[in-house]
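What follows is one structure encoded as structure tokens, with my remarks underneath.
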Amino acid sequence: MADHPVSPSSSKTEALAALVSEFGAEHLPDAADGIAGILVDRDSWLELARQLRDQEDLRFDLLVDVTAVDWPDRQPRFEVVYHLWSLTHNRLLRVKVGVPEEQAECPSVVLVWGTANWHEREVFDMYGVRFAGHPDLRRILMPDDYPYHPLRKDFPLEGVDNSVSYRNEGGVLMTQELFVDRPAGQDPTPVDRSKGDPQGYSDGAAPADES
Amino acid sequence: MGLEDKFPEILTSRLTDLVAWGRKNSLWPMPLGLSCCAIEMMATVGPKFDLSRFGAEVFRFSPRQADVMIVAGTLTWKMASVARRIYDQMPDPKWVIAMGVCASSGGLYRNYSVVPGVDRIMPVDVYTVGCPPRPDTLIRAVMELQSKIEEMGLDGRSPREPIVLQN
Ligand code: SF4
């Protein structure tokens, strides 16, 4: 990655700089991996994405990845991160879009890069960021009725026990009951393993400093 | 036992014992191979370990024809309702072997996506250790289950106390 041709020079860098100033975006400081990055306002992101794909000197025609970062102490809390690759010019670009917690929504770029479809569903599933204009914004990895967004930093690392209390009773458990033991609006309850497992496992005293 | 004296070619038995003997020697497993443990489960029915010596080699991929479910692998929350439905489709009497630490307790995956033990969604009869358990451990689980079935009544339900295999 280090010798990736991201070196400044030429019309390509100028085209990017022109676009950045036109849309009020910012250049990000140099990253350790040497990939150029820009920080974009979410209102202008969709139009900027089109330009990045279509301008002759840029031609970022491949969307490599969409992910997000949760910064609990920052404003805005979420950063949606896109990695773009121009196959024509062999250049990489990182785009970050800030998304506040109160209105966790970001324009969908599915119409620009079709491959964004499942990536954006994953970001929605894991971080709860909604993508406006997405044709089919459903969870992709977790069950449809799963109540949390587990890669948010306030979600407990060891997970939440969603099952109803059920252990060798010979009773019948309906599948829909798997996720309804939590009243709506209540905060997720972390599994308290300090007194052994709540369902009766005992794998010894859990170390106190685990969390 | 006057009957046996009069007809020496006849064996008498209690019906409960006869049914239990038949059940325990013709287990038809439903292989719920969810991840890496399934490879060892396949090896167990192969010629080297040969689970058919214990009458449990007829793996059925339809739950309606099976009576023991071998949960071999990591059960995720997304798969949980499916696994439970497969269990519900098996006819009674039915039993469950939790193969490996993932199926028994979630194993090393203590996180948002993995069910911490399949007994969260279905009753388990035998828990096995190992990541993955060797085929001998699975064979032993089957044998423990057989001895448990032997003690069961005609309804095939009691006793339900799970067996935990130790190393
Ligand atoms: S117990 Fe080990 S081998 Fe078995 S499914 Fe879990 S990780 Fe894989």
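The values are calculated or read from the model by the stated rules, or taken from the named source; none is laboratory data. Just so you know, these numbers come straight off a predicted model, no measurement behind them. Cβ placement follows ideal geometry from the backbone for every residue including glycine, while neighbour counts extend to all protein chains displayed. Accessible surface is based on the protein model in full, side chains and every heavy atom, while ligands, DNA and RNA are left aside. Shrake-Rupley method; radii C 1.70, N 1.55, O 1.52, S 1.80 Å.
In the range A:46-57, is there at least one residue being of a type in the set (Gly, Ala, Ser) and open to solvent by 60 Å² or more (accessible area, probe 1.4 Å)?
Looking for residues that are of a type in the set (Gly, Ala, Ser) and open to solvent by 60 Å² or more (accessible area, probe 1.4 Å), one finds none in the range A:46-57, hence no.
Just one of the numbered conditions (1) open to solvent by less than 10 Å² (accessible area, probe 1.4 Å); (2) over 22 Å from residue B:23 (Cβ atoms) is not true of residue B:102: (1). Within the range B:59-100, the set of residues being away from the ligand (no atom under 16 Å from the Cβ) and among the small types (Gly, Ala, Ser) comprises B:62, B:66, B:81.
Among the residues that make up the range A:91-111, is at least one of them modelled with pLDDT of 85 or more, of a type in the set (S, T, N, Q) and surrounded by 15 or more Cβ atoms within 10 Å (Cβ to Cβ)? Yes, the conditions are met somewhere in the range A:91-111. For the range B:127-146, indicate whether the set of residues that are at pLDDT 85 or above, part of a loop (DSSP other than H, G, I, E, B), surrounded by 16 or more Cβ atoms within 10 Å (Cβ to Cβ) and within 12 Å of chain A (Cβ to nearest Cβ) is non-empty. For the range B:127-146, residues at pLDDT 85 or above, part of a loop (DSSP other than H, G, I, E, B), surrounded by 16 or more Cβ atoms within 10 Å (Cβ to Cβ) and within 12 Å of chain A (Cβ to nearest Cβ): absent.
Number of residues in the range B:105-126 that are on the phi < 0 side of the Ramachandran plot and either touching a residue at least 60 places away in the same chain (Cβ under 8 Å) or in a loop (DSSP other than H, G, I, E, B) (or both) equals 13. A single entry from A:60, A:78 fulfils the requirement of being at pLDDT 90 or above, of a type outside the set (A, V, I, L, M) and farther than 24 Å from residue A:14 by Cβ: A:78.
With respect to the conditions (1) away from the ligand (no atom under 16 Å from the Cβ); (2) over 30 Å from residue A:157 (Cα atoms), residue B:112 falls short on a single one, namely (2). Selection within the range B:1-54: residues that are among the aromatic types (Phe, Trp, Tyr) and assigned to a helix (DSSP H, G or I). The member of this set that is least open to solvent (accessible area, probe 1.4 Å) is B:54. The residues of the range A:39-96 that are within 15 Å of residue A:119 (Cα to Cα) and either over 15 Å from the mean Cα position of the chain (by Cα) or among the polar types (S, T, N, Q) (or both), listed by number, are A:62, A:67, A:84.
Per the conditions (1) in a helix (DSSP H, G or I); (2) open to solvent by less than 40 Å² (accessible area, probe 1.4 Å); (3) modelled with pLDDT under 90, the sole criterion not satisfied by residue B:93 is (1). Just one of the numbered conditions (1) within 15 Å of residue A:137 (Cβ to Cβ); (2) under 14 Å from the mean Cα position of the chain (by Cα) is not true of residue A:110; which one? All conditions pass for residue A:110, except number (2). Residue A:61 passes all but one of (1) closer than 17 Å to residue A:152 by Cβ; (2) open to solvent by 20 Å² or more (accessible area, probe 1.4 Å); which number fails? Residue A:61 satisfies all of (1) closer than 17 Å to residue A:152 by Cβ; (2) open to solvent by 20 Å² or more (accessible area, probe 1.4 Å) except (1). Do we find a residue being surrounded by 14 or more Cβ atoms within 10 Å (Cβ to Cβ), of a type in the set (Val, Ile, Thr) and in contact (Cβ under 8 Å) with a residue 12 or more places away in the chain anywhere in the range A:11-18? The answer is no, given that none of the residues of the range A:11-18 is surrounded by 14 or more Cβ atoms within 10 Å (Cβ to Cβ), of a type in the set (Val, Ile, Thr) and in contact (Cβ under 8 Å) with a residue 12 or more places away in the chain.
Determine, yes or no, whether residue A:24 is small (Gly, Ala, Ser) and more than 27 Å from residue A:126 (Cα to Cα). In short, yes. Taking the conditions (1) in a helix (DSSP H, G or I); (2) open to solvent by 10 Å² or more (accessible area, probe 1.4 Å) in turn, residue B:83 satisfies each one other than (2).
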